[in-house]
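Novice: My questions all concern the structure below.
Each reported figure results from applying straightforward, stated rules to the coordinates on display, with no laboratory input. Keep in mind that this is a model prediction, so the values were computed, not measured. Neighbour counts are summed over all protein chains in view; Cβ atoms, including those assigned to glycine, are modelled from backbone coordinates with ideal geometry.
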Amino acid sequence: MSNSTIIAPTAANERITSMDITRGIALLGILLMNIVGMGLYKAYSDPTNNGGATGWNLNLWWMNNLFFEGTMRGLFSMLFGAGILLFTARSLEKNGSTVTDLFFRRLLWMVLFGVIHCYLLLWSGEILYAYGVIGMFAFSFRHLVPKHLIIGAAALLLIATAWDINDYYTIKSSYETSIVANAKKSKGEPISKAETKSIDKWDEKVKEMKATPEQLNDEIAARTSGYWSIVMHRVSYNQQMESFSLYRYDFWDVLAMMLLGMAFFKMGILKAAKSRRFYWIMALIGYAIGITTNYLETKHIVSNNFSILSYFESYWTYNLGRVATTCGHIAMIMLFIKSGSLSFLQKSLAAVGQMAFTNYIMHTVIANIIFLGYGLAQFGKLQRYELYYIVFGIWVFQLIISPIWLKYFQFGPLEWLWRSLTYWKLQPMRRTEKPKNISTFVPELKTLN
């Protein structure tokens, strides 16, 4: 290993355009889902809580469940996994720092950015913290062959599904026991400690998942107050999201998709290197399994009037539906790239993807200005379909501004900051070379296994 091999941020002529475009699509797609959590109360999964559950509001909830739930996050996680391979493909920095030093420094900064994003920028659904922590685990698997990476991803998803099934039976038992216990109480009959515990557990689950008018009004009042008041109001929930939720939900989900992303990168799938026939078959199989599964889950929830138990039942097949649909999305994106059509849009999407960190945080800042009390205070006041006017506006803005910015600068502002902190050296910001042509694809680095 030679000390003359210099590790530096990825140059423009080393970027893989297919991954930038995919990242851009995933970034914009994530806003379709996040906007609901940003602007409405407990309406992400359950439209009956806030924002409307009829007409176009219900139609959009259906559409998100069929095509986007978990898939945009899945795409992002897969690209992050592939990014680990790209980052660690280089060997040694001039001053002797190994790629491991740089990689873990990079992730530790990401953890800090995630904490700031969650606690100070007030987005509890942020993913940077999880990526920073889980990326440290994914690092150890980077040398595995695709077959073993796919097996590892499948094992992690099976563990997550088994845990979901166990949760379902636990909640179902609490529900059934509480029904019997409440019937006894109504008749004046004594109930056991176990029955009392079941009543409390079920009541807590109802409080967590179903918003009362009083809860909705209290949350709207809290989110439309002053900045520091909102910060303090969200602290306990944010702590839960970056502790219990990280290891109960995000770990299995994100790590599995990172491993799958590594496998797909090594196989050439994420680089548009496969044939059109391969991608058409991948899309057909992915969508046939994924959208069918998503449809049956969503129909079950609606048929059961959005009951709590119906949601827990739908989690049994959640990973099957979302992973298959994500694979379908990847195939269609690669076909779009290989077609060469709408080159102006591909160029804009690639720019959005290249500035994904900056654009992701921009989503939060814009949403805060619109929804929270130190801005326009619209939290909880819009219908679900009205949120997508905001989404469309942000999409157009970022598709226009991102390529303009990258015409003059090498990185987005936050990408520049992150790289400078990673390398402990201010990176050159202004662009000196002409941006790469959209049709250029970089071959796989030879050092990858």
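Novice: Could you calculate the contour length gain from W163 to S186, that is, 0.36 nm times the residue separation minus the distance between their Cα atoms, to one decimal place in nm? If you can, show how the numbers build up before the last one.
Specialist: Numbers: separation 23, 0.36 × 23 = 8.28 nm, distance 3.43 nm.
Contour length minus Cα-Cα distance gives 4.9 nm.
Novice: Roughly speaking, what is the centre-to-centre gap between the stretch 104-122 and the stretch 385-406 when only Cα atoms are used, to the nearest Å?
Specialist: 24
Novice: Here is a further query. Might you report the magnitude of the Cβ-based charge dipole of the chain about its Cα centre, with Lys and Arg at +1 and Asp and Glu at -1, to the nearest 20 debye? Walk me through the numbers before you get to the answer.
Specialist: Values: 42 positive and 28 negative charges, 291 e Å.
With only Lys, Arg, Asp and Glu charged at Cβ, the dipole is about 1400 debye.
Novice: Percentage of Cα-Cα pair distances in the chain greater than 34 Å, rounded to whole percent?
Specialist: 35
Novice: Can you figure out the FRET efficiency of Q239 with F104, using R₀ = 30 Å and their beta-carbon distance, to the nearest 0.05? Don't skip to the answer; put the middle values down first.
Specialist: Working: r = 24 Å, r/R0 = 0.81.
Efficiency for this residue pair is about 0.80.
Novice: Let me ask something additional. If you line up the long axis of helix 99-119 against the longest principal axis of the chain, both from Cα atoms, how many degrees apart are they, to the nearest 10?
Specialist: Once rounded, the angle reads 40 degrees.
Novice: Packing-wise, with mean Cβ within 10 Å as the measure, how do 370-382, 225-237, 139-151 rank, highest first?
Specialist: On the way: 370-382: 18.6, 225-237: 13.5, 139-151: 15.6.
Those peptides, ordered most packed to least, come out 370-382, 139-151, 225-237.
Novice: Determine the gain in length on full extension of the stretch L376-Y247; use 0.36 nm per residue of separation and subtract their C-alpha separation, reporting nm with one decimal. Spell out each step's value before the answer.
Specialist: Numbers: separation 129, 0.36 × 129 = 46.44 nm, distance 3.49 nm.
Here the segment from L376 to Y247 would lengthen by 43.0 nm.
Novice: Decide, for the stretch 96-236, between rounded, prolate and oblate: order the square roots of the alpha carbon gyration tensor eigenvalues as a ≥ b ≥ c, take rounded if a/c falls under 1.5, and otherwise choose prolate if a/b is larger than b/c, else oblate. Can you show the working numbers first?
Specialist: Details: a/c = 3.92, a/b = 1.52, b/c = 2.57.
Judged from the Cα gyration tensor, the stretch 96-236 comes out oblate (a/c at least 1.5, b/c at or above a/b).
Novice: Right, something else. How large is log10 I(q)/I(0) at q = 0.11, 0.16, 0.17, 0.26 Å⁻¹ when the Debye formula is applied to the Cα atoms of the stretch 249-316, each weighted equally and without solvent?
Specialist: The computed values of log10 I(q)/I(0) come out as -0.44, -0.77, -0.83, -1.07.
Novice: Give the angle, between 0 and 90 degrees and rounded to the nearest 10, that separates the Cα long axis of helix 413-423 from the longest principal axis of the Cα atoms of the chain.
Specialist: With both axes taken from Cα atoms, the answer is about 70 degrees.
Novice: Would you please report the Å³ per residue occupied by the convex hull of the alpha carbon atoms in the stretch 146-220? Spell out each step's value before the answer.
Specialist: Working: hull volume 8.9 nm³, N = 75.
Here the figure is 118 Å³ per residue.
Novice: Taking only the Cα atoms of the stretch 131-186, how large is their convex hull per residue, in Å³? Don't jump to the answer; show the numbers that get you there.
Specialist: Values: hull volume 4.8 nm³, N = 56.
Output value, Cα hull per residue: 85 Å³.
Novice: I would also like to ask the following. Can you tally the net charge around W405? Count Lys and Arg as +1, Asp and Glu as -1, for every other residue whose Cβ sits under 11 Å from the Cβ of W405. Could the numbers behind the result be given before it?
Specialist: Values: positive: K407, R431; negative: E415.
Neighbour charge sum, excluding W405 itself: +1.
Novice: What is the angle, in °, between the Cα long axis of helix 343-354 and the longest principal axis of the Cα atoms in the chain? Nearest 10 is fine, range 0 to 90.
Specialist: 70
Novice: On to the next question. Hey, any idea what Rg/Rh is for the stretch 297-376, computing Rh the Kirkwood way over Cα pairs? Could you put the intermediate results ahead of the total?
Specialist: Values: Rg = 18.9 Å, Rh = 16.5 Å.
On the Cα set of the stretch 297-376, Rg over Rh gives 1.15.
Novice: If you don't mind, another one. What residue among F139, P213, I116 has its Cα farthest toward the positive end of the dipole of the chain, where the charges are +1 on Lys, Arg and -1 on Asp, Glu, each on the Cβ?
Specialist: Selected residue: F139.
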